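> Take a look at the following structure, please.
Only the coordinates and a few stated rules stand behind these numbers; no lab work does. Quick caveat, the model's predicted, so the values are computed rather than measured. No Cβ is skipped: glycine too gets one built from the backbone with ideal geometry, and neighbour counts run over all protein chains shown.
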Amino acid sequence: MQRQAFIDWMKATGMFAIVVGHIIGSPYHIFNLVSQPIYTKQLGVCFFIFIMGWSLAHEKSNSFQVVFKRAFPIYFYGALFAILMSAYNYYNVGNLNESNYLPFFLGANVLFNFFPANPTTWYIGTYLHVLLFWFLFMRNRQIGLGHVGIAIIIEIVVRASLIYQDLDFVAYMTLPNWLTIFVLGSYLHQKKDTSFTLSTVLMLVAWAALLALWASPLNNLIAPKSFPFREISNVENLHTWGPSFARSVLISFIYILNTIVFFELLRRVPYNKVVGFFARNSLITFIVHMPLIYATNKFFYNTFETEWVAQWLMIAFIFIGCALISEVFNKIINLSYLQTKAWSIWTLIFGRFIKETANQNKN
């Protein structure tokens, strides 16, 4: 199948939103007000999950090798940078940042109500869970609108239950939080790059008007300070079932609305080499941008007195710098070779184990 430009656009746009969101973290900033009760950077994760659903729906193979092929790069680079961070932090402050390794234990990090030391690496564990969900329940299956409806119900109820138990980080990291976006990507897999139409323009105008109203000071529905999900205003006991359910419904609404709008917009935008550059380097950018932000934020804020100037210069430095770092690593490391060797070892070990287990069952 021909490469779709919208994939690169959604990857680059999603990664840019994540970097901006981690630098402009204020819940009162217009960047974050347009997407309440979530933070706008979380839409970047939605884009990546949506692309996963879309592309996996096109997989012809039903082999576990598909899961291995997709998991290997994120686990390889995730483990590599976790080790480098441990070495750096142990040398400087005597701390190994052990929580960075939780995602590599079958995504065990999602069971703990906090992020790893490198916050974005929570996604590594969730990424595996999404792949396994596809392998067990969605491969070779035609996804219809009914499946999307079931996903919405499961997502809202499970997320609300976890919020009700004051487990907001678990509610954010676990698979159900992203279930509808993933299933929606599979449902829309037949939609590909196309051209602008009048209906697209009208959709964008309506969407922009809704964002303006949602971010308006007149919108007092959301209390801005809580994290990773914002709370509903003027509610005495937030962790009761009613407010928890309402928050969960709003979160799903914001995820779905914005992801669909960006998908419909970006599949009408032609391919761009610069966008392609940032898209192909989004994986390593995702993993390393937070440590670089930690390392450079004092310099930028001390050097530039105006906050917004410091922030946008830092955004440019981090976004471009991480992509350049990624290019260097991809030039040095032959990931395809390592992946092929790793798959050979995997099949040798587990192929033999499966055969021995089958023989024992026969006996």
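> Going by a ≥ b ≥ c, the root eigenvalues of the Cα gyration tensor, does the chain fall in the rounded group (a/c under 1.5), the prolate group (a/b larger than b/c) or the oblate group?
Rounded.
> For His58 and Ala79, what is the calculated FRET efficiency with R₀ set at 41 Å and r taken between the beta-carbons, to the nearest 0.05?
0.90
> Measuring from label point to label point, each 7 Å out along Cα→Cβ, what is the Asn297 to Leu106 span in nm?
Inter-label distance under the simple model: 3.5 nm.
> With a point put 7 Å past each Cα toward its Cβ, work out how far Ile349 is from Asn220 in nm, to one decimal.
5.9
> Measuring from label point to label point, each 7 Å out along Cα→Cβ, what is the Asn113 to Val269 span in nm?
Placing both labels 7 Å beyond Cα along the Cβ direction yields 3.9 nm.
> About the Cα centre of the chain, what is the dipole size in debye to 20, counting +1 per Lys and Arg Cβ and -1 per Asp and Glu Cβ, all else neutral?
Magnitude of the dipole: close to 1260 debye.
> Using a 10 Å cut-off on Cβ atoms, rank the peptides 211-218, 43-50 from the highest mean neighbour count down.
Order by mean packing, descending: 43-50, 211-218.
> Once each part is reduced to its C-alpha centroid, what is the distance from the stretch 1-50 to the stretch 61-96 in angstrom?
About 23 Å separates the Cα centre of the stretch 1-50 from the one of the stretch 61-96.
> Out of Val269, Tyr39, Pro27, whose Cα points farthest toward the positive end of the dipole of the chain (charges: +1 Lys, Arg; -1 Asp, Glu; placed on Cβ)?
Val269
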